[in-house]
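Beneath this line is the structure, given in structure tokens, with notes to follow.
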Amino acid sequence: MEIIVSKYKKVADFCYELFRIAKLPLYFSKYSNKIYSSFQKLFLLVYKQFRKFTYEELMNDLEDNITLKVYLGFKVLPDYTTLIKFSNKLPASVIDKLFTAFKELIPDPKKVAIDSTGISLDNASPHYCKRIGIPTAKRPFMKTSFIVDIENYMILLCKLRKKTRHDTVDAKPMIKKLAKNYEPDLFYGDRGYDDEQIFKLVFEELNAYPMIMQKRLNIPKYKRKGIYRKQTFEVFDYCQYLQRNKIETTNSMFKRRFSSKAKSRNVKCQKMEILLRVVAFNIDRLIRKGTQKIVIIIRIVRVSY
């Protein structure tokens, strides 16, 4: 078997393998004109995140990259508006299947952490806004909550919210979804997740131990509320809790590698852009780790030829 040298050929093979594991249909609609498969269009959206291009810049880049275009099976490249429409109509269930498919490609996580960060929706320069008098104190952003395998720096789950809400609102459904696919031993969280319902979900649904920092540590145990919060208060290991900082490292890696700003203007496209950016981040992590599945060519029958 031939070893692939080009990184983007590795990305292409890995994407097609991921789509196969997720059991995605070749076409999402029976009314599709069947010119381009859903695999091809999904790969272009993931590839766009690697190159940090706009849709039009992506098509111009592929037009000149004959080798990759032939490797992907494109006789004629789609117009960039085709990708915009595809992204706008892409079901959220497809992204959920892609996140679940990573379970087959990564080791079982034993230490997971939850945290949220913001992805800016405004590409204007803060310095320029200040010069022309536009307020910069409150900029539009997409609140992004991650559950991360902090040992391998892989993002397991992602939830997006346009409006600001408390961290615990998004954490509860994410923990329930995590429990369906993974069995970690430790679950880390900062003081924003100090809630009895979250402690209960971690113990009962996830069967893990919550390493969550509680608020107001000066208050004694007998004055605290919640059965599970009281159980973990006196035996809390602060040195072990410092492992939670690795999720901050993941947030930093994610933003530095794939940008902290979304280029799309439509809300649905913004969400799809960020979610596919997470898929691209996980693929990039596996490539950098030298996973055997990526080093060796994955022979995939490209039915779209």
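Observations on the model:
- Summarising the amide proton neighbourhood of residue 211: residues at separation of 5 or more, or on other chains, whose placed amide H is nearer than 5 Å comprise 187, 188, 189.
- 3J(HN,Hα) along segment 150-167: 6, 7, 10, 6, 10, 8, 8, 9, 9, 9, 10, 8, 6, 8, 6, 9, 5, 4 Hz, from the Karplus curve 6.51 cos²θ - 1.76 cosθ + 1.60 with θ = phi - 60°, whole Hz, x for Gly and Pro.
- A crude spin-label estimate for the pair residue 261 and residue 227, with each label 7 Å from Cα along the Cβ direction, gives 5.1 nm.
- Neighbour cut-off at most 14 other Cβ (10 Å), DSSP loop, trypsin sites (Lys or Arg not before Pro), segment 1-89: 23, 30, 34, 52, 75
- Average Cα contact separation per residue, the chain, under 8 Å, 6 or more apart, as relative contact order %: 25 percent
- Phi-based couplings in Hz for segment 35-52 (Karplus 6.51, -1.76, 1.60; Gly and Pro marked x): 7, 10, 6, 5, 4, 5, 5, 5, 4, 4, 5, 6, 4, 4, 5, 5, 8, 6
- Relative contact order (%) - criterion: Cα under 8 Å, at least six apart; region: segment 137-280: 20 percent
- Considering only 245, 33, 282, the Gaussian network model of the chain with Cα springs below 10 Å gives its largest mean-square fluctuation to 33.
- Net charge in the neighbourhood of residue 182 (other residues with Cβ under 13 Å of its Cβ; Lys, Arg +1, Asp, Glu -1) is -1.
- Phi to ³J(HN,Hα) by Karplus 6.51 cos²θ - 1.76 cosθ + 1.60 over segment 187-197, Hz, x for Gly, Pro: 10, 9, x, 8, 5, x, 9, 7, 9, 4, 5
- Here the simple spin-label model places points 7 Å from the Cα toward Cβ, and for residue 34 and residue 57 these points are separated by 3.7 nm.
- Segment 239-295 - convex hull of alpha carbons, volume per residue in Å³: 110 Å³
- Lys, Arg +1 and Asp, Glu -1 on Cβ, resulting dipole of the chain about Cα centre, debye, nearest 20: 880 debye
- Averaging 1/r over each pair of different alpha-carbon atoms in segment 107-252 and inverting the result gives 16.6 Å, the Kirkwood hydrodynamic radius.
A short reminder: the numbers here are calculations on the coordinates, not readings from a lab. Only a predicted model underlies this, so the values are computations on that prediction, with no experimental measurement involved. Ideal geometry is used to build each Cβ from the backbone, glycine not excepted, and the neighbour counts take in all protein chains shown.
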